[in-house]
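The values are calculated or read from the model by the stated rules, or taken from the named source; none is laboratory data. Fair warning: this is a prediction, and the values are worked out from it, not measured in the lab. Here Cβ is always computed from backbone atoms with ideal geometry, including for glycine, and neighbour counts include all displayed protein chains. Only protein heavy atoms, including side chains, enter the accessible area calculation; ligands, DNA and RNA are left aside. Shrake-Rupley method; radii C 1.70, N 1.55, O 1.52, S 1.80 Å.
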Amino acid sequence: MPNKQASRIGTAELQHLAAAGRWHVIETVTNAKAGHIGGPLSAMDLLVSLYFNELRIDPQQPQDPARDRFILSKGHCAIGLYAVLALRGYFPIEELATFDQGGSRLQGHPDMKLTPGVDSSSGSLGQGLSAGAGMAIAAKQLGAEFHTWVMLGDGELEEGMVWEAVHTARRFKLDNLTAVIDLNGLQQYGWPVTEDGDRFDRSNPWAGVNLEGVFSSFGWNVVSIDGHDFDEIQTAFDHVRAGHGSGKPTVILANTVKGKGISFTEGTYKWHNGVATPEQLAVAAAELGQTLEGEAK
Ligand SMILES: Cc1ncc(C[n+]2csc(CCOP(=O)(O)OP(=O)(O)O)c2C)c(N)n1
């Protein structure tokens, strides 16, 4: 089994890492002039908690067969995953500067054949939970102890294939599979509307739907949390552990804010993707407690 964190790191350090991760997201996307911002920022506290306090992984042995698996099914948020993989030691932070360039190991969407620490390629929304269910079934058949985690977006949850996997996971008693849903209430567009004004209905894709009830009817363990509260995130992870042997997969419904952590990106679809101006980058750096290149440290 790969190195398990001997002791978990505390909230202050998690906050520090998440701020650094958010900074790497907006700085990298701005320099690359391509990439996504809102989704990586909403997921950042969950990603940092997973990679620093939960996953049984060893960055020195990214292919260890015993490692826990993580699939970023909402693959457009790759830069968020890359930032955390770099902070965790899979590759140098400086490599983030190559993001989305030809020849880089860090493509715009995760590529399992290129990037150390990426367990499954993704980008076409809706597919990751099926891949994760396959890994979890394989673990059962091999008698392996690794756990498989899959992160999905709430817009992505509208893809039909997700629900085939939700159904199948219970059928195969995949208590070694966890779905983390980043419920930021916004996607890229939304439902088409016919009235004048915005072409799209930007409201929460799952408004009026009892997602807890839906997953529980499918036979899953359900835990709902504030996806920016590190204590609640940790409690959810403990819940997952407690669910081993229950024969049920677990879903963590993580309520988040799209664009979290930077004032002008928070709570708007407009920063689903985008490139910051130098002024905006300076605001982000100040809010995240980071030092801009060229400034005295
Ligand atoms: C099958 C498929 N359809 C469309 C897209 C284009 N697309 C990329 S991101 C996105 C919105 C995703 O929204 P959500 O899952 O809520 O992600 P988040 O808000 O966390 O970024 C869409 C439609 C895609 N990547 N894959």
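What the table shows:
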| quantity | calculated |
| --- | --- |
| Full-stretch length increase - Arg241, Glu13 - with 0.36 nm per residue and alpha-carbon distance subtracted | 79.8 nm |
| Protein accessible area in the chain, 1.4 Å probe - carbon and sulfur % | 50 |
| Phi to ³J(HN,Hα) by Karplus 6.51 cos²θ - 1.76 cosθ + 1.60 over region 59-73, Hz, x for Gly, Pro | x, 6, 10, x, 9, 3, x, 8, 5, 5, 9, 9, 10, 8, 5 |
| Spin-label proximity, Ser203 to region 123-163 - amide N less than 20 Å from point 7 Å beyond Cα toward beta carbon | 154-159 |
| Per residue accessible area of region 162-297, 1.4 Å probe, in Å² | 52 |
| Neighbour net charge for Arg105 - beta-carbon separation under 14 angstrom, K R +1, D E -1 | -3 |
| Modelled FRET efficiency - R0 22 Å, Glu212 with Glu287, Cβ distances, 0.05 increments | 0.10 |
| Cα-based shape type of the chain, given that a ≥ b ≥ c are square roots of the gyration tensor eigenvalues and the cut on a/c is 1.5 | oblate |
| Extension gain, Glu94 back to Ala66 (0.36 nm per residue minus Cα-Cα distance, nm) | 7.2 nm |
| For region 200-214, 3J(HN,Hα) per residue [Karplus equation, 6.51 cos²θ - 1.76 cosθ + 1.60, θ = phi - 60°, Hz, x = Gly/Pro] | 10, 8, 8, 6, 3, x, 10, 4, x, 10, 7, 5, 4, x, 4 |
| 5 angstrom amide H check on Asp201, placed H, neighbours 5+ away | Trp191, Val193 |
| Added length on full extension, which subtracts the Cα-Cα distance from 0.36 nm per residue, Thr277 to Glu158 | 39.5 nm |
| 5 angstrom amide H check on Gly247, placed H, neighbours 5+ away | Asp175 |
| For Leu72, net neighbour charge (Lys/Arg +1, Asp/Glu -1) across residues whose Cβ lies under 12 Å away | -2 |
| Radius 10 Å from Cβ of Tyr189, net charge of other residues (Lys, Arg +1; Asp, Glu -1) | 0 |
| Span-like helix ranges in the chain, DSSP H, alpha carbon extent 30 angstrom or more, Kyte mean at least 0.0 | 11-32 |
| Helix-only [θ]222 nm of the chain, DSSP H runs n ≥ 4, -39500 (n - 2.57) each, per residue, nearest 500 | -11500 deg cm²/dmol |
